[in-house]
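No value in this document is a laboratory result; all are computed from the given coordinates. Keep in mind it's a predicted model, so treat the numbers as computed, not measured. Ideal geometry is used to build each Cβ from the backbone, glycine not excepted, and the neighbour counts take in all protein chains shown.
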Amino acid sequence: RIQMTSYFQSKKSSELEELKTELNSLKQDERKEAVKQVIAMMTIGKDVSMLFPHVIKCIKSESIELKKLVYLYIINYAKSKPDLTLMAVNAFTQDAHEKSNPLIRALAVRTMGCIRIEKIAQYL
């Protein structure tokens with residue numbers, strides 16, 4: 001089990017490459033741990049926007065915890081990466097129509113409301 005302090009350690013470019021690999025893993029637990037590390041880096045002010053397309057792919061998950069983390073990341077970088085944020089619109093709309101889980105529906109609607117990008121308004 002990874003300790004919480006390990007999320008806040010400094011990462012070098014080779015470690016960013018490793019995170020890319022983990023974000024694209026077939027194993028959900030590896031993706032979740034990678035997104036947690038990305039969020040921790042983002043929290044301490046590191047620019048991890050270059051991982052945007054890889055983090056967005058993780059939105060297609062059944063894990064509510066993973067979805068929350070990805071939505072947090074998207075909200076943080078939506079203004080600086082508006083074109084890439086469009087990649088997530090389809091996932092938002094699918095999650096907003098989720099019938100079986102109201103929490104996923106609420107997360108999607110809240111996230112869409114937090115993203116203040118003119119280009120996205122026409123898709124929502």
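Bridging of Lys79 to aspartates and glutamates at a Cα separation below 16 Å is possible for Asp47, Glu118, once same-chain residues fewer than 8 apart are set aside.
Taking all pairs of distinct Cα atoms, average 1/r, flip it, and tell me the Kirkwood hydrodynamic radius of region 40-102 in Å to one decimal place.
Working: mean 1/r = 0.0815 Å⁻¹.
Taking every pair of different Cα atoms in region 40-102, averaging 1/r and inverting gives 12.3 Å.
Please give me the summed charge of the neighbours of Lys67: other residues whose Cβ is under 12 Å from its Cβ, Lys and Arg +1, Asp and Glu -1. Net charge in that neighbourhood comes out at +2.
Distance between the pseudo-spin-label points of Asp83 and Lys27 (7 Å out from Cα toward the beta carbon): 3.5 nm. Given R0 = 22 Å, the distance between the Cβ atoms of Glu18 and Ile64 translates into a calculated FRET efficiency of 0.30.
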